[in-house]
1. Keeping to segment 1-13, report how many residues are out of contact with any helix residue (DSSP H, G or I) (no Cβ under 8 Å at 6 or more places or on another chain), closer than 14 Å to residue 70 by Cβ and not in a helix (DSSP H, G or I).
2. Please list, ordered by residue number, the helices (runs of 4 or more DSSP H) wholly in segment 14-59 having 1 or more residues that are without any contact (Cβ under 8 Å) to a residue 24 or more places away in the chain and either acidic (Asp, Glu) or in contact with a Leu (Cβ under 8 Å, 6 or more places away or on another chain) (or both).
Amino acid sequence: MDKSFSDKIVANLAKILRDRNLTQATMATYADTTPSQFSKILKGSVKLSLDQISNIAKHLSMSEIDLITYPDKYVKKSEQGGEPVEAVLQIKLQKEKKEQVLKMIFGENNLEILNK
């Protein structure tokens, strides 16, 4: 059975507790709740609020999205290198120079490429 979105976040919080050797009391403080309430959150009988998720992330020096994707980190597409940049270069040449440059770039197949 698939876990709900909030169940996945709670499971990730449990992993973070183990991975960082934190206590439930510490996480309860981060969530601005009592240890008893945080225990109920981990058991699934009490739901986390968005504010609590945000507070926990802030105290763990993580972004909210990283709590959701833990242990993976979210990386913006722009930080991954993203789409290649397309550049257009225009050079004005006399006809014989143009043909020489095209031969340098495309080899002897330049006429075939230009005629397509």
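Bear in mind these aren't lab numbers, they're just calculated from the coordinates by the rules spelled out. Keep in mind the model is a prediction, meaning the values are calculated, not measured. Cβ atoms come from the backbone with ideal geometry, glycine included; neighbour counts cover every protein chain shown.
1. So the count comes out to 0.
2. Filter on segment 14-59 gives 24-30, 50-59.
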